[in-house]
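Enquirer: I'd like to ask you about the structure that follows.
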Amino acid sequence: MSHQHHHHDEDGNGHSHGHQHKLQGKFQFAIIFTSLVFLTEVVGGILSNSLALLSDAAHMLSDSLSLIISWLAIYLSTLPATNLRTYGYHRTEVFAAFVNGVSLIAIAGWIFYQAVHRFITPVPIKATEMLIVAVIGFVANMVILWRFHGESHQNLNVRSAVLHVIGDTLSSIGVIVGGVVVYWTGWVLIDPILSCMIGLIILVGAWRVTKESIHILLESSPKHADAQTIAEHIGEIDSVKDIHDLHIWSLCSNYCALSAHVLMTEDAGQTSHDLLQQINQELQTHFGIFHMTIQIERVGCPHVGQLLCNAPHH
């Protein structure tokens, strides 16, 4: 029987460490930028007596905290594996995404709560002051989104942080539109109406990130590679008679690991080593799995026929 681990020279997200450091620099820029805008919006909200601006400032504060959490996760994911944490710190990305997702849900709830109060008791707004500060906030968020362009597709942690910024950008647009309407018509109910719309958009995005992070934290199979799909694919190889005791899980959003027992046919036309290499190549090419432990068997195993081994663990 044979075991093999396949390693690659990149981090768990398929990115080089040089890219990780570049990403850290983008986060540091965004943290400083959002902190400055937060202070600007607090001062502007107080001077204009605008609850909408203060709400946006609270959202911007959550952005700063979110970015700090995400930056720490990116940094920790570059640390090497240790005797205690043999996979390194890749999963910190998922914890950060979970915290960000839950905080976004809480922020959406707070927005709905404030909107109800504004429907009941409209808040007088100094539209001019509010508009000036809201435009500054909008431009700042657009700069941050531009800096992160193309980074959020492969990394759940970065995507959750970008969602924070997108949510705040939409919030800034709402404040600007609301300020224009109040300035020209005096209709202050536009403010809570826009707040509810913004809150709903934030809630949908937050739920997706939270659900995906929970999926990974529960050691679930990646969406593109469940156990049955992989077993059927490997089972098509001529020398494979049975695949069992199969486990596949995600360490983070783009780093999968797999372990399995593979029983060879009695008349296999290749060596166990060649079969192992072929399976490794299939898993890398078709499923993007680069970390695997496969046990090749030539004799019967008690768990043959059991794709998912449910034997008790002692």
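Enquirer: Compute the angle between helix 272-287 and the longest alpha-carbon principal axis of the chain, please, reported from 0 to 90 degrees and rounded to the nearest 10.
Expert: Computed tilt is about 20 degrees.
Enquirer: Please list 3J(HN,Hα) in residue order for segment 256-271, calculated via the Karplus relation 6.51 cos²θ - 1.76 cosθ + 1.60 where θ = phi - 60°; whole Hz, with x for glycine and proline.
Expert: Working through the residues one at a time gives 9, 10, 8, 9, 6, 9, 10, 8, 7, 6, 5, 9, 4, x, 8, 6 Hz.
Enquirer: Now a separate question. Between Glu219 and Ile193, take the C-beta separation as r, use R0 = 25 Å, and let me know the FRET efficiency to the nearest 0.05.
Expert: Using R0 = 25 Å, I get an efficiency of 0.05.
Enquirer: Would you mind checking the tilt of helix 51-77 against the longest principal axis of the Cα atoms of the chain, expressed as 0 to 90 degrees and rounded to 10?
Expert: In the chain, helix 51-77 runs at an angle near 30 degrees to the longest axis.
Enquirer: May I pose another question? Only four residue types carry charge here, +1 at the Cβ of Lys and Arg and -1 at the Cβ of Asp and Glu. Report the dipole size of segment 156-299 about the Cα centre in Debye, rounded to the nearest 20.
Expert: That gives a dipole near 860 debye.
Enquirer: Right, another one. How do Asp56, Asp242, Asp274 line up, fewest other C-beta atoms within 10 Å first?
Expert: Ranked by crowding around the Cβ, least crowded first: Asp274, Asp242, Asp56.
Enquirer: Just to be sure I understand, if you calculate percent of Cα pairs over 24 Å apart for this structure, which of (1) 56; (2) 60; (3) 52 do you get?
Expert: (2)
Enquirer: How would you rank Ser66, Ser48, going from fewest to most other Cβ atoms within 10 Å of each one's own Cβ?
Expert: With the fewest neighbours first, Ser66, Ser48 line up as Ser48, Ser66.
Enquirer: Over the chain, what is the relative contact order in percent, taking alpha-carbon pairs closer than 8 angstrom and at least six residues apart?
Expert: 22 percent
Enquirer: Can you tell me the 0 to 90 degree angle between the C-alpha axis of helix 127-147 and the longest principal axis of the chain, rounded to 10?
Expert: So the inclination is approximately 20 degrees.
Enquirer: Oh, and also: Once Lys and Arg get +1 and Asp and Glu get -1 on their Cβ, which of Thr121, Thr86, Gly235 lies farthest toward the positive end of the dipole of the chain?
Expert: Of Thr121, Thr86, Gly235, it is Thr121.
Enquirer: So what is the calculated 222 nm ellipticity per residue for the chain, using -39500 (n - 2.57) for each DSSP H run with n of 4 or more, over all residues, to the nearest 500 deg cm²/dmol? Walk me through the numbers on the way to the answer.
Expert: Values: 8 runs with 192 residues, N = 314.
So the calculated ellipticity at 222 nm is -21500 deg cm²/dmol.
Enquirer: Now for a different question. Once label points are set 7 Å from the Cα along Cα→Cβ at both Val180 and Ala227, what is their separation, rounded to one decimal in nm?
Expert: About 5.5 nm, to one decimal.
Coordinate-derived values only; no laboratory data. Keep in mind the model is a prediction, meaning the values are calculated, not measured. Cβ: placed from backbone, ideal geometry, glycine included. Neighbour counts: every protein chain shown.
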